Structure formats: structure tokens, C-alpha cells
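The values are calculated or read from the model by the stated rules, or taken from the named source; none is laboratory data. None of the values given here were measured: they were computed from a predicted structure. In this analysis, Cβ positions are derived from the backbone assuming ideal geometry, glycine residues included, and neighbour counts consider all displayed protein chains. In case anyone asks, the SASA skips ligands and DNA or RNA and just uses the protein heavy atoms, side chains included. Shrake-Rupley method; radii C 1.70, N 1.55, O 1.52, S 1.80 Å.
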Amino acid sequence: MTEKEKQQAGELYNSRDPELVADRVKANKFCLEYNRLPCNDYIKRQWMLDRLVALRGENTIIESDFFCDYGYNIVIGNNFHADQNLNILDSADIIFGDNVFIGPNCTFYTSERPLDCTLRNQGFETAKPIKVGNNVCLRGNVCVLPGVTIGDNVVIETGSIVTEDIPSNTYASGNPCKEVSKLEAPKIVPEEKTPADEESAAEDNKSDAPAETPKNDGKKRFVKLVEVKK
């Protein structure tokens, strides 16, 4: 196995491997260029994010400065907003769900150096994936450590260090971050139908022809996180 294959498999790998170093250099160059762009150059910023991360949904906003190690291990859902100084060490997969809001100076670490100084001094590391659910808010200066899963509908308070999984519908805080209280699960509000929608639905019901599969117009990118990097 190559060192990159070991990394992706969660095994001990050498971070000084030339292939991994080249990948990090490439990502760092993209990040530096991204951070130099004017804040209102939306088209260029979105284009660069598409080249940097593995996959992203609609309405992605990442303020400068933004840094990551590789980029190709990052998956972002719809309606993602990160404030200044987001730092992602994505040696393993980092998957964000829909409606995720991240405060300034937040960090996500997937990589760990060994306790054994002999291995550590040679550049060896391991990496564990991080998963963040839907409807999650991380306030400023939150640090998420390797292998953590954050559930749906979670708020994590400022300055917390997340060392263990956080269950859904939770307000959590502290170092280490722990559940403080439960949050009410979000209510699903049905979409209101207009008279035009009802008339269209009635016409469809009258027709014996099978319904056509909706076509993607190319302007929207939908992310199905269940099917991406399980």
C-alpha cells in the first residue's frame, strides 16, 4: 500500500511521503489564492471551492481566511456558512450536513501524531474521520478532534473542545465538551401549495402517462450525504 492508501484506510502512515506533501502544497496554494480574492468576487470564490473540496451543495459561504490540508476529503452539504479563520486538517474524511453554521476561529483535526516519539519524529500519523450532522451551529473558537461525530440539531458553545461524540438535539459546552441540555427537535413545516400547484397536480392525476423524471438544469448541485463517503 502507498502511504496515501494507508492514510485513507485509517492506518499508520508517513506524512512526509512525497505524494502527500505534493497534495498539501497544491491545497495550500489554492487556499492562499482563495484568501486573496475580494470578498465580493463570488463567482471566482465558488469556482475555487469546487476545485478544492470533494463535493459541496448549494449556498456555500466560507469567509477568509480559510485553510485545509488536502481539500479532497471535505464534503459540504447545502447552506453552509463558515466565518473567518476556518482551519480543517482533512487527512481523513470530514463530512458536513445541511444548514451548518461555523463561528470564527474554529478548527477540525482528523490527524493524530503517535505517543511513541520514535514514530512521531519520523513523521508518522494516523487519521480518523469527522462527521457533522444537519442543523448544527458551532460558535467561535470550537475545536473538534479526530473521530468525532456530531449529531443533528446541535449547538456547541464558544471555546469548547469536542473530544467525544455529541448526540442529536443537544446544547453542549466545555473542555471537554459535554451535553448541557436537550434541544427540541426541529419541526417539519409542510410547504404551502399555491392554487397553481394544486391545478397542476390535478392535471397530472388525470393523465395516464407515467410521470417524467425531473431533469437537472445544471444550475443546482444537490448533495446526498448518505451516499457520499459512507
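Side notes on the structure shown:
- Within the stretch 45-54, the residues that satisfy the criterion of being surrounded by 13 or more Cβ atoms within 10 Å (Cβ to Cβ) and touching a helix residue (DSSP H, G or I) at 6+ places or on another chain (Cβ under 9 Å) are Arg45, Met48, Leu49, Leu52.
- Being under 20 Å from Pro129 (Cα atoms) and either open to solvent by 60 Å² or more (accessible area, probe 1.4 Å) or not hydroxyl-bearing (Ser, Thr, Tyr) (or both) holds for only one residue in Glu58, Glu33, Glu112, Glu63, and it is Glu112.
- Test: residue in the stretch 107-116 that is on the phi > 0 side of the Ramachandran plot and touching a strand residue (DSSP E or B) at 6+ places or on another chain (Cβ under 8 Å): no
- Here Gln84 passes the criteria (1) part of a strand (DSSP E or B); (2) within 16 Å of the chain's Cα centre (by Cα); (3) without any contact (Cβ under 8 Å) to a residue 24 or more places away in the chain except the one numbered (1).
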